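The values are calculated or read from the model by the stated rules, or taken from the named source; none is laboratory data. Computed from a predicted model, the values in this text were never measured in an experiment. Here the Cβ positions follow ideal geometry from the backbone for every residue, glycine too, while neighbour counts run over all protein chains shown.
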Amino acid sequence: MRKPNHPVISLTLLTALIGFLPGCSHRINDEAMARDIQGKISSDPDTRDSQVSVAAKDGRVTLSGTVKSPAAQQKIGQIAREEPGARGVDDQTTMEPYAEARNAVEQRKPQPIVIPAGTVLVVTTSQALSSNSSHAGQTFLGTPAQPVSVEGRTGLARGATVSGTVVTAKAKGKIKGEGELALALTSLSTKGQTYPIETNVLSSTVKGKGKRTAATTGGGAAGGALIGGLAGGGKGAGIGALVGATAGFVGGAFTGNKQIEIPAESPLSFTLTAPLTLPPPAK
């Protein structure tokens with residue numbers, strides 16, 4: 001006796017099975033997505049202290065729980081949005097009790113002053129420097145010739161002290177051989193603290209019979225020089241007026257065997273090549 005065929009029933013079962021498999025796949029993908037996001041939140045140093053739960057349905061991610069700061073909340077949302085396959089994020093997280101008040105107090109605290117790279121520091125030297133008498137590695141001191149302010153706040157006052165180094169010092173020969181003097185700042189001391197700084201290198205050379213060049217390297221424009229000549233090496237000659245945004249220093253001689261001379265109290269301009277972070281001004 002032959003068994004009856006039921007093609008309609010078989011087709012129905014096959015259709016149901018095909019419809020079931022994608023739904024199962026969606027559930028597996030959602031679960032894997034939620035686990036992956038949860039793991040990233042738990043391992044990220046900015047978010048691992050947050051008490052956050054992650055759920056996903058049809059690619060849409062729901063975040064719930066508490067966070068300690070707006071920054072952590074923002075980072076958690078970013079992690080969820082960047083998850084492969086995520087189709088949207090519903091962020092239901094809230095701040096921990098007292099966290100908002102604590103963050104408000106932190107924001108009211110005086111913030112450090114960051115002097116950006118490219119800022120010109122005009123420094124008055126404390127001692128004389130020369131291509132003949134100075135030597136590479138020698139330290140020199142100076143003071144800011146004018147204050148530096150950032151967004152209306154004074155970050156660098158005249159009472160500070162700067163320290164620099166002689167990068168190159170080479171005496172000029174009588175007949176041939178150029179003289180050279182190059183300087184850079186290395187640190188700044190203010191309010192009892194010392195901070196390393198990075199600036200361009202001011203370099204001046206004299207060669208031949210009085211031919212002189214002045215330049216800056218390591219950032220900033222070239223060719224700035226003190227107004228007037230320091231040919232005689234007289235104290236105060238050419239001091240006071242600067243040309244160019246990054247004024248350097250002038251060669252000390254035009255003829256003969258004169259050297260490059262920088263008298264004490266000469267204003268020199270250096271350009272920061274890296275930002276300088278200083279404490280907030282005292283109230």
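Could you please find all residues in the range 44-73 being of a type in the set (A, V, I, L, M, F, W, C) and under 32 Å from the mean Cα position of the chain (by Cα)?
Val67, Ala71, Ala72
Would you be able to say whether some residue in the range 46-57 is more than 15 Å from Glu31 (Cβ to Cβ), surrounded by 14 or more Cβ atoms within 10 Å (Cβ to Cβ) and either touching a residue at least 40 places away in the same chain (Cβ under 8 Å) or not assigned by TED's automatic domain parsing to the domain that holds Asn29 (or both)?
Among the residues of the range 46-57, at least one is more than 15 Å from Glu31 (Cβ to Cβ), surrounded by 14 or more Cβ atoms within 10 Å (Cβ to Cβ) and either touching a residue at least 40 places away in the same chain (Cβ under 8 Å) or not assigned by TED's automatic domain parsing to the domain that holds Asn29 (or both), which makes the answer yes.
Would you point out the residue of the range 128-147, among those that are in a loop (DSSP other than H, G, I, E, B) and farther than 16 Å from Ala184 by Cβ, that is modelled with the highest pLDDT?
Ala128
Of the residues in the range 74-105, how many are of a type in the set (S, T, N, Q), under 25 Å from the mean Cα position of the chain (by Cα) and at pLDDT 90 or above?
Matching residues across the range 74-105 total 2.
When the residues of the range 150-173 are narrowed to those that are assigned to a strand (DSSP E or B) and among the basic types (Lys, Arg), which ends up nearest to Glu265 (Cα to Cα)? Reasoning before the result, please.
Narrowing the range 150-173 to residues assigned to a strand (DSSP E or B): 150, 153-156, 161-170.
Of the ones still in play, those that are also among the basic types (Lys, Arg) are 153, 170.
Numbers: Arg153: 27, Lys170: 22 Å.
Here the answer is Lys170.
Six or more apart or on different chains, Cβ atoms under 7 Å: show the pairs whose first residue is in the range 133-150 and at positive phi and whose second is surrounded by 14 or more Cβ atoms within 10 Å (Cβ to Cβ) and of a type in the set (A, V, I, L, M).
What qualifies is Gly137/Val166.
Using the structure shown, decide if Val120 is farther than 20 Å from Thr186 by Cβ, surrounded by 12 or more Cβ atoms within 10 Å (Cβ to Cβ) and touching a residue at least 24 places away in the same chain (Cβ under 8 Å). Explain how you work it out, then say what you get.
Numbers: farther than 20 Å from Thr186 by Cβ: no; surrounded by 12 or more Cβ atoms within 10 Å (Cβ to Cβ): yes; touching a residue at least 24 places away in the same chain (Cβ under 8 Å): yes.
Considered against the rule, which asks whether it is farther than 20 Å from Thr186 by Cβ, surrounded by 12 or more Cβ atoms within 10 Å (Cβ to Cβ) and touching a residue at least 24 places away in the same chain (Cβ under 8 Å), Val120 comes out as no.
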